[in-house]
Amino acid sequence: MAYLALYRVWRPGRFDEVVGQEQTVTALRNAVKTGQLSHAYLFSGPRGTGKTSIAKILAKAVNCENVVEGEPCNQCSTCRDINNSNFMDVIEIDAASNRGIDEIRDLRARVRILPAQGKKKVYIIDEVHMLTTEAFNALLKTLEEPPDSVIFILATTEAQKIPATILSRCQNYNFRRLTLAEISQRLQQVADSNDIDLEEAARDLIARRANGGMRDALSLLDQVHSYKGHKITGQDVMSVLGLVDENFMARLINAVLTHEIAEVVGLLNQALVEGKEALQIVREASLYIRDLMFYLLLGEDVLMSYVSETGKKYLKQQKYLVSPSDLMKALKVLMDAGEKLKFSEGQKFLLEMSFMEITALFAPHEEAKKAPPERKAAAAPEPKERKDALEGTWNKILAGVKEVKIPTHALLCQGKLLGARGDSLYIGFKKGYKFHKERLEENPNREIVEGVVKEIFGKNLDIQFIFLDDNQYNDIIVKRAIEYFGEDIVEIKD
C-alpha cells in the first residue's frame, strides 16, 4: 500500500475527532441532528486548522445512511466512498485554478442536476477568495436561490476578500489557531501510535513552529521522522528543519543588547556557516524579541512564541537591559529585513546590516554636551588626585557588580559616582538614562549594588540614584548632594 502522509492518516473522520474548533463542531453537529441545515456555509481561518476536514465531515453527515446524533457512521458505503473521494455528489473545487466566470457558469448548470448517489449534493470550494469579481457575481445568483438538494461550503484563509454580497448569504464560521497544548497532545498521540520516541523538547518545538496549524505540525513531524527514524530529540528537530538553537539566539540577542558588535557579527557568520538561512535567523530573532518584549510587559504568565520554559532564564536577565519602545523599533527593523530577504541575493550583507541597525538601537544614547552651570565664586578647582581616587572606587564597584550579574553591570555603568556622605552613597545619571536609573532602583538590582558597596567600604551604605540634569535640582536629595559635593565630583571618605 502506498505511504500516506501523517496529516492524511490523522485527518478527522467524525466531528468528535476534530481538535479544537468546539463551537463550530457543536453548531454543525446540532444542525445535522435537527435538520436545520443552511444552503451555504463559509469557513474562514488560518491554514491547517480543519476547514476542509470539517467540510468533508459535514458532507458525510448529510449523506450518511446511519447518522447518529449528527455524526457520520464512517461504515456505510456513502461514508466510505466520500472518504475515498469516490462519491459523485461531493464535488471539491480549487478556486485558485478554477477562478474564472466560465468555470462558475459550468457549476451553475450542473447544480440543477439532482444528486446521483446521495441525499444532498455538496460543493466544497477551497480558497474561494481567489475567484474573480465576475465569477463571484455569477456565483451570487446560485447562492441566492439554490436547489433544496445542494449545499455550498466555501473555505478561505482571507475572509476580508470575500464580497459582502456573498458573506450575507452564508452562515459564517471562523476557525481559530490551535493552542500549543492541543497540538502537543495530538503530536504525542500520533507518536505513540507510530512507535515514535518523541522527546518532550522536540514535541514542544514542533508545536511552536506549527503556528497554530495541526496540518503543519503533523507535516513537520513526518519530515523529521523520515530523516531521523523512531527516536526524535529536540536537536534532531533543530537540525532537520534548519532552526536556530534557542541558546544560540539568546547569546545573539544578548550581544545585541549589550552592544557587542564583534560578537554579533561572529555569531551571525557561525550560523550561516552551519547552513542556517538568513531569513530563518531574522524570523527567529523577531520571535525571540517578541517574547522578550511581552515578558518585560506581562511577566511570567505570557504565552511564548519561541522561548521555552527553560529559556526564560535568559529573559529574566535581559529584561533589565531594554525598554519596550526600543524592542518595538528592533522588531520593525527585523520584519522589514525579512521582507527584503525574500527577494535579495545579498543575503549575508543584508542580514549583517539589519543586526547592526538593531544593535545601534540599544547603544548608550549620547546627549548633547551642555555648558556647565556657573560655580560659586568660593568653589575651588578639584584636585586631580581626588578625581583619580573617585574613578578608582567607581571602577571597583563596577567590577564587583559585573562579577555578580552582568545585566546589572550594564545598567550601572551608564551612571557616575558622585560621592558619599554619612551613610549615603550617591550615583548620578543623565536625563537620557531614566530607564537605567529606574531599573537599578528595583530591589534585585539595588541589593546587588549595595552588597558590592558594603564589601568595598566595610559597612552598609544607602544607595541614592539621582539625576544630574537641571530639572532634577528641585529634588531635595539632589539639592543636598550638590550642596555637599559640588556639581561634578565629591571626595569619598573611608
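The values are calculated or read from the model by the stated rules, or taken from the named source; none is laboratory data. The model shown is predicted, which means the values in this text are computed figures rather than measured ones. Neighbour counts run over all protein chains shown; Cβ positions are idealised from the backbone, glycine included. Just the protein is used for accessible areas: all its heavy atoms, side chains included, with ligands, DNA and RNA removed. Shrake-Rupley method; radii C 1.70, N 1.55, O 1.52, S 1.80 Å.
Key figures
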read-out: Matching option when the condition is loosely packed, with under 14 Cβ neighbours inside 10 Å, at pLDDT 85 or above, farther than 26 Å from Ala250 by Cβ and not polar (S, T, N, Q), among Asp423, Asp462, Asp475; value: Asp462
read-out: Some residue of region 245-256 being among the charged types (D, E, K, R), surrounded by fewer than 21 Cβ atoms within 10 Å (Cβ to Cβ) and under 20 Å from Ala207 (Cβ atoms); value: yes
read-out: Test: residue in region 384-403 that is within 31 Å of the chain's Cα centre (by Cα), open to solvent by less than 20 Å² (accessible area, probe 1.4 Å) and at pLDDT 85 or above; value: no
read-out: Filter pass, Ala262 being under 30 Å from His436 (Cβ atoms), at pLDDT 90 or above and surrounded by fewer than 16 Cβ atoms within 10 Å (Cβ to Cβ); value: yes
read-out: Filter result (of a type in the set (Gly, Ala, Ser) and in contact (Cβ under 8 Å) with a residue 60 or more places away in the chain) within region 409-430; value: Ala410, Gly419, Ala420
read-out: Candidate set: region 92-147, residues that are among the acidic types (Asp, Glu) and closer than 20 Å to Leu167 by Cβ; chosen: the one nearest to the chain's Cα centre (by Cα); value: Glu127
read-out: Subset of region 117-165 (residues that are hydroxyl-bearing (Ser, Thr, Tyr) and open to solvent by 30 Å² or more (accessible area, probe 1.4 Å)); value: Thr132, Thr133, Thr157, Thr165
read-out: Among the candidates Lys319, Lys370, Lys329, Lys313, residue that is closer than 29 Å to Phe429 by Cα, open to solvent by 100 Å² or more (accessible area, probe 1.4 Å), within 23 Å of the chain's Cα centre (by Cα) and at pLDDT below 90; value: Lys313
read-out: Candidate set: region 293-310, residues that are modelled with pLDDT under 90 and crowded, with 21+ Cβ neighbours inside 10 Å; chosen: the one farthest from Leu440 (Cα to Cα); value: Tyr306
read-out: Contacts under 6 angstrom Cβ, first residue in region 163-177 being charged (D, E, K, R), partner open to solvent by less than 70 Å² (accessible area, probe 1.4 Å) and in a strand (DSSP E or B), 6 or more apart; value: Arg169/Ala40
